Amino acid sequence: MKKALVLVLVAAVMFSSGCLEGILGKGETIGTGYGVIVETYEPDFSDIETGDNFDLYFEVQNNGGSDATSTNAHLYDWHETGKVLGIGTLSAPDELAGLPGDIYDGVFDVTAPSDLPEGVVYTYTPKVRLMYKYKTTASTIIPALKKDEYKRLKERNQLNIPPVTTDVSKGPLAVSIAAQSPVIIDDADEDTIDFRINIDLLGKGTVYNHSASTTNMQVNTDDLDKIEMTILTADGIAGAVDCDAYISGEAIEMRRGKTAVYSCELNVSDFIATKNIPITIEIDYNYFEDFSTSVTVTGE
């Protein structure tokens with residue numbers, strides 16, 4: 001199959017059939033970052049005595065681009081085990097209406113260790129693991145021109161095609177879709193639209209399989225660093241898209257838990273002169289991140 005664009009992962013790109021030579025980078029991304037943010041995690045008293053009851057305040061807010069579901073906060077690295085805040089669903093902000101995302105304000109009711117000898121001072125660092133299900137959505141439009149139309153516009157100095165940019169919902173993952181702009185099509189029956197998907201972990205936490213549970217703090221090793229990606233076009237799920245070893249809806253692995261790269265090609269239907277190719281990437285995943293605070297306990 002003759003391609004309108006040949007991708008080389010080191011980012012050098014050469015066009016066949018007399019097309020332009022250029023460099024295909026990661027693509028410009030608009031909007032990313034955030035997710036569920038821990039606003040507060042601290043004790044009501046930082047200095048206590050053995051056996052004292054006290055509270056660990058825990059406040060989170062969803063500042064991302066999708067609802068956080070099955071949200072749980074697990075207390076660990078503490079002598080009391082099994083303490084969990086079942087947070088549930090945190091709705092995403094409604095930026096059009098100017099409404100912030102949901103806030104959850106909870107408390108871990110805990111007791112200081114009672115086994116410290118009198119006069120001994122020890123600082124404990126109880127940790128909490130925040131776990132939730134999330135979705136990141138990225139979209140772009142790839143402009144395509146028939147070869148004759150490209151030449152005509154160029155000769156008239158009317159070729160003004162913006163670069164491909166990616167709009168990404170806010171969350172722990174960054175996504176960019178890179179492609180030549182425009183893609184030059186010589187034969188729509190044989191040429192393909194080639195693009196590359198770059199996925200990077202922004203947060204300090206870990207992604208894991210979307211189908212796994214968030215009620216258990218321990219994540220199965222086989223589920224770690226896994227995401228589920230679906231590629232859609234204007235016609236729905238893009239069965240005409242071929243991306244390396246990608247299979248729609250199946251769990252794929254982030255390399256070293258940090259990044260994933262897919263080179264893809266999309267068959268194009270015939271068109272007269274120009275065509276804008278919309279592409280949407282949906283990524284479903286679980287995410288967890290650990291946070292810590294400190295409390296000083298004095299034996300009495």
**Message:** If I ask for residues that are part of a strand (DSSP E or B) and closer than 16 Å to Tyr104 by Cα, which ones from segment 32-54 would you list?
**Reply:** Val36, Ile37, Val38, Glu39, Thr40, Tyr41, Glu42
**Asked** Condition test on Leu116, is it of a type in the set (A, V, I, L, M), buried (at least 21 other Cβ atoms within 10 Å of the Cβ) and at pLDDT 90 or above?
**Response** no
**Asked** Here are Leu75, Leu90, Leu56: which of them is touching an Asp or Glu at 6+ places or on another chain (Cβ under 8 Å), closer than 26 Å to Val120 by Cβ and among the hydrophobic types (A, V, I, L, M, F, W, C)?
**Response** Leu56
**Request:** Determine whether Thr280 is surrounded by fewer than 20 Cβ atoms within 10 Å (Cβ to Cβ), outside the structural domain of Tyr150 (by TED's automatic domain parsing) and not charged (D, E, K, R).
**Result:** no
**Prompt:** Of all the residues that make up segment 158-181, how many are without any contact (Cβ under 8 Å) to a residue 40 or more places away in the chain and either crowded, with 16+ Cβ neighbours inside 10 Å or not in a loop (DSSP other than H, G, I, E, B) (or both)?
**Reply:** 1
**Complete:** Scanning segment 188-233 for residues that are under 23 Å from Tyr34 (Cβ atoms) and free of Cβ contacts under 8 Å to residues at least 40 places away in the same chain, the one farthest from the chain's Cα centre (by Cα) turns out to be Leu224
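Among the candidates Thr140, Thr111, which residue alone is of a type in the set (Val, Ile, Thr) and under 30 Å from Val219 (Cβ atoms)?
Values: Thr140 fails: under 30 Å from Val219 (Cβ atoms).
Within the list Thr140, Thr111, the selection yields Thr111.
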**segment 96-142: number of residues that are assigned to a loop (DSSP other than H, G, I, E, B) and either over 19 Å from the mean Cα position of the chain (by Cα) or aliphatic (A, V, I, L, M) (or both)** = 16
**Item:** Whichever residue in segment 271-299 is among the aliphatic types (A, V, I, L, M) and assigned to a strand (DSSP E or B) and, among such residues, is nearest to the chain's Cα centre (by Cα)
**Value:** Ile283
**Prompt:** Based on what the data block shows, is Thr136 closer than 30 Å to Ile281 by Cβ and in contact with a Phe, Trp or Tyr (Cβ under 9 Å, 6 or more places away or on another chain)?
**Reply:** yes
**Asked** Given the conditions (1) touching a residue at least 12 places away in the same chain (Cβ under 8 Å); (2) more than 29 Å from the chain's Cα centre (by Cα); (3) not in a strand (DSSP E or B), which single one is not true for Leu145?
**Response** (3)
**Asked** What pairs can you find where one residue is in segment 286-300 and charged (D, E, K, R), the other is part of a strand (DSSP E or B), and their Cβ atoms are less than 6 Å apart, with a gap of 6+ or different chains?
**Response** Glu289/Leu130; Asp290/Lys127; Asp290/Arg129; Glu300/Glu49
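The values are calculated or read from the model by the stated rules, or taken from the named source; none is laboratory data. This structure is a prediction, so every number in the text was calculated from the model and none was measured. So basically every Cβ, Gly included, is an ideal-geometry build from the backbone, and we count neighbours across all protein chains shown.
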